[in-house]
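The values are calculated or read from the model by the stated rules, or taken from the named source; none is laboratory data. Note that this is a predicted model, so its numbers are computed, not measured. Neighbour counts are summed over all protein chains in view; Cβ atoms, including those assigned to glycine, are modelled from backbone coordinates with ideal geometry.
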Amino acid sequence: MIARTLSLLVLFSLSACQPADDGLALQADYLQRLNNAVEGDAVVVFDKMELTRYRLPPRRERVVDIPEVRIGLLDLLIDARRCPALQQQISQRNSSLGKQLVPSSRLGYEGDLLRAIDACLPHLAAGQGQNLHVTLSRLALEKRAQLPSVFWNALNASQEVERYLRFADQALPTTPGEDDAALDALAQLAAMANALPQTLPPSTAELDPLFFALHASAQGGQLISSLVSLTHTLNEGSRLLEARQQQRPICPQGQATSRGRILQNIFVKYYAGGLQPYLAQVHQRGQTWSSSLRQLSAAAEVPAATRNYLLNLAGPEQSLWVDFQAATARHVRVWQDSLNSCGLAPGQSGWNGEGANAEQ
């Protein structure tokens with residue numbers, strides 16, 4: 001008995017430490033009230049297992065092997081004395097720390113190296129520097145051609161990006177803080193992917209804040225979870241309204257009834273006044289997020305597993321984002337049909353924008 005009591009106390013303490021998932025709570029409350037209003041049989045509760053349809057592919061399927069292309073440090077020390085910036089980059093890469101660059105740092109390094117080579121080449125166009133000019137020109141071509149692969153490894157092997165693109169245990173809160181830094185970072189990375197290899201990536205000092213912004217935000221994963229749960233909630237709510245209208249119309253004579261007034265109250269207080277503002281926040285974030293993901297999916301040399309995942313989230317066809325938009329449009333349409341059938345829709349004589357007094 002004592003052991004069991006201690007176990008319950010531990011579980012209670014752990015649950016108390018978990019932040020409340022008010023996004024899911026809002027959706028559950030809305031569905032239950034709507035079900036009561038239409039006198040439905042039961043609500044199909046959102047199952048978090050639905051989130052696993054959007055599981056990030058294993059890293060091994062997203063990271064590609066990139067052949068190592070190097071030039072000897074000794075050659076540069078002898079022949080490239082007029083290019084100290086290039087010597088510094090090569091020395092850095094051949095140092096013990098340089099050999100252990102994380103993928104995101106390597107992306108910045110490759111950009112710095114190519115800029116140093118471009119600056120050095122004019123000094124080697126004649127005389128004894130001609131041989132090194134040929135060598136460096138070839139190296140620059142090979143390095144530039146590898147930039148898309150280096151970019152994708154920077155994203156696919158990054159814990160920051162993985163965290164932002166992996167569904168979370170919780171939905172977005174009903175009053176989420178701003179996520180502009182992370183959304184802007186995602187947009188910058190998407191633009192960068194599509195500009196390579198013609199435009200070189202920025203330095204590590206400029207890249208680090210982008211990856212940090214993604215790491216600092218919990219809202220990427222929460223947005224995915226919100227889109228999945230809201231798609232379920234909206235479709236389930238539409239099903240409840242459609243089933244009632246098909247089986248026992250709320251207002252069979254086309255005139256307002258007491259049940260119709262109750263339904264109008266649910267619309268005003270719990271859809272327009274509760275769920276819809278939450279939907280608007282999710283939609284606003286989702287527009288920027290989905291645009292960046294589609295842009296990323298179209299970039300050069302994107303690994304197949306990464307592309308499929310991005311399209312599964314935000315592609316123009318059969319994606320989470322498309323399903324969410326379709327569920328939103330369906331729910332609005334079903335509400336309009338239901339209220340119109342009672343003469344209680346906005347613009348009709350029976351409309352009461354403040355809601356009735358009946359509680360559900």
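Within segment 269-293, being of a type in the set (Val, Ile, Thr) and surrounded by fewer than 18 Cβ atoms within 10 Å (Cβ to Cβ) holds for one residue alone: Thr288.
Only residues that are under 14 Å from the mean Cα position of the chain (by Cα) and not in a helix (DSSP H, G or I) were counted across segment 171-195, and they come to 3. Counted as qualifying within segment 95-170 are the helices (runs of 4 or more DSSP H) with 2 or more residues that are more than 17 Å from Asp208 (Cα to Cα), of a type outside the set (A, V, I, L, M, F, W, C) and at pLDDT below 90, namely 130-156. Of all residues in segment 275-314, those satisfying the criterion of being in contact with a Ser or Thr (Cβ under 7 Å, 6 or more places away or on another chain) and over 27 Å from Asp65 (Cβ atoms) are Tyr278, Leu279, Val282, Ala314. Quickly run through segment 44-58 and pick out the residues that are closer than 24 Å to Arg244 by Cβ and crowded, with 18+ Cβ neighbours inside 10 Å. Matches in segment 44-58: Phe46 only. Can you tell me which residue is surrounded by the fewest Cβ atoms within 10 Å (Cβ to Cβ) among those in segment 299-310 that are hydrophobic (A, V, I, L, M, F, W, C), part of a helix (DSSP H, G or I) and more than 13 Å from the chain's Cα centre (by Cα)? The qualifying residue surrounded by the fewest Cβ atoms within 10 Å (Cβ to Cβ) is Ala304.
Somewhere in segment 242-260, is a residue crowded, with 19+ Cβ neighbours inside 10 Å and either in a helix (DSSP H, G or I) or of a type in the set (Lys, Arg) (or both)? Within segment 242-260, one or more residues are crowded, with 19+ Cβ neighbours inside 10 Å and either in a helix (DSSP H, G or I) or of a type in the set (Lys, Arg) (or both).
Here Ala218, Ala213 are screened, and the one residue that is at pLDDT below 95 and either of a type in the set (A, V, I, L, M) or touching a Pro at 6+ places or on another chain (Cβ under 8 Å) (or both) is Ala218.
For segment 340-358, the count of residues that are free of Cβ contacts under 8 Å to residues at least 60 places away in the same chain and in a helix (DSSP H, G or I) is at least one. In the set Leu263, Leu296, Leu313, only one residue is crowded, with 20+ Cβ neighbours inside 10 Å and more than 17 Å from the chain's Cα centre (by Cα); that residue is Leu263. Can you pull out every residue in segment 180-221 that is surrounded by fewer than 17 Cβ atoms within 10 Å (Cβ to Cβ) and without any contact (Cβ under 8 Å) to a residue 24 or more places away in the chain? Of everything in segment 180-221, those that are surrounded by fewer than 17 Cβ atoms within 10 Å (Cβ to Cβ) and without any contact (Cβ under 8 Å) to a residue 24 or more places away in the chain turn out to be Asp180, Ala195, Gln198, Thr199.
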